[in-house]
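To start, the structure under review is shown below, and the notes come after it.
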Amino acid sequence: MPDNITIAVSKGRIYDDAMPLLAKLGIVPIDDPNSTRKLVLETNQPNIRLLVIRATDVPTYVERGAAELGIAGKDVLMEYSGDGLYEPIDLGIAKCRMMLAGLKDAKPILDRPRVVTKYTNITKNYFAERGQQVEIIKLYGSMELGPVLGLSDWIVDLVDTGNTLKANGLVTLEHIADISSRLVVNKAAMKMKNATIKPILDQLSDIVS
């Protein structure tokens, strides 16, 4: 009898992109998350269920063992500080870029640059590797307003088309990382439930390769 497996995934683009991959494994949710208030979705596989949560919570649920597997963006994983996860597969979905951006015609910065971002760990690590001191200001949205309103000199944020930056008079300055969604696995579950998890990993690897 196969082990019970919970897969944590976030609503939105990652969920929409991940479902066709899971369908190729024969895993299909019975309920549509867009039409139900349920956060735990049963699937057509009696031993597999989906946990629909905030993107930033996926690594925590997986590391703490509330889910054996998870699908999370590389940005979330880079920002996360735990170490109880394996990250075996780049699923190649929900692609974008982590970028440093600023005003198109900005004046030279004489003092320590101020950077607004919700990715404080990524930003701190990026500038530390460059040996540059910056003041990091945490925001949860509308990063583009930082330079426009004088709150900051730069922003660090995800960029897809770049249209939002352009509309607000910003340009990309430096490329920090390519972002896509990854499959993550709880380290203990990888050992305890290997007979069930390894075939899922092998099939996913074949699908995305």
_Output needed: percent of Cα pairs per 5 Å distance bin for region 125-165, bins running from 0 to the one holding the longest distance._
6, 18, 28, 23, 18, 7, 0
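Please compute the net charge surrounding Val116, taking Lys and Arg as +1 and Asp and Glu as -1 over other residues with Cβ under 11 Å from its Cβ.
Details: positive: Arg114, Lys118, Lys138; negative: Glu135, Glu144, Asp153, Asp157.
That works out to -1.
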_Which of rounded, prolate or oblate describes region 24-98 when judged by the alpha-carbon gyration tensor and an a/c cut-off of 1.5?_
prolate
*Could you point to the residue in Leu25, Ser180, Leu85 farthest towards the positive end of the chain's charge dipole, with +1 and -1 charges on the Cβ of Lys/Arg and Asp/Glu respectively?*
Leu85
*asked:* Taking every DSSP beta bridge with both residues inside the chain, roughly what % is antiparallel (nearest 5)?
replied: 65
*Just the C-alpha atoms of region 96-177: what Rg/Rh do they give, with Rh taken as the Kirkwood radius?*
0.92
_Calculated from backbone phi, Karplus (6.51, -1.76, 1.60) coupling profile of region 196-209 in Hz, x at Gly/Pro_ = 8, 6, 4, x, 4, 5, 5, 5, 5, 4, 5, 5, 8, 6
_Max mean-square fluctuation residue, GNM over the chain, Cα-Cα springs under 10 Å, options Leu110, Leu77, Leu85_ = Leu110
*Determine ³J(HN,Hα), in whole Hz, for all residues of region 171-183 in sequence, where each value follows from phi through the Karplus function 6.51 cos²θ - 1.76 cosθ + 1.60 and θ = phi - 60°; x replaces Gly and Pro.*
10, 6, 10, 8, 8, 9, 6, 7, 10, 8, 8, 10, 8
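Mind checking the dipole of the chain: about its Cα centre, +1 per Lys or Arg Cβ, -1 per Asp or Glu Cβ, Debye to the nearest 20?
Details: 25 positive and 26 negative charges, 52 e Å.
Computed about the Cα centre, the dipole is about 240 debye.
Roughly what % antiparallel, to the nearest 5, for the DSSP beta bridges in region 96-177?
Looking only at bridges with both residues in region 96-177, the antiparallel portion is about 65 percent.
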*Setting aside same-chain residues fewer than 8 positions from Lys191, which lysines have a Cα under 25 Å from its Cα?*
Lys24, Lys74
*For every other residue with a beta carbon closer than 13 angstrom to the beta carbon of Val159, add +1 if it is Lys or Arg and -1 if Asp or Glu, then tell me the sum.*
-3
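Is it possible to state the helix-based mean residue ellipticity at 222 nm for the chain, with each DSSP H run of 4+ residues giving -39500 (n - 2.57), the sum divided by total residues, to the nearest 500 deg cm²/dmol? What is it?
Details: 8 runs with 65 residues, N = 209.
My calculation for the chain gives -8500 deg cm²/dmol from helical runs alone.
Within the set of other residues whose C-beta is less than 15 Å from the C-beta of Glu87, count the net charge using Lys and Arg as +1 and Asp and Glu as -1. Show your work: numbers first, answer last.
On the way: positive: Lys74, Arg182, Lys187; negative: Glu63, Glu68, Asp75, Glu79, Asp83, Asp90, Asp178.
Value of the local net charge: -4.
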*Place a +1 charge on the Cβ of each Lys and Arg in region 1-116 and a -1 charge on the Cβ of each Asp and Glu, then give the dipole magnitude about the Cα centre in debye, rounded to the nearest 20.*
520
*Measuring from the lowest to the highest alpha carbon on each principal axis, how far does the chain reach, largest first, in angstroms?*
65, 35, 31
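Read the figures in this text as sums done on the coordinates, not as results from a lab. Computed from a prediction, not measured in an experiment: that's the story for all the values here. Neighbour counts run over all protein chains shown; Cβ positions are idealised from the backbone, glycine included.
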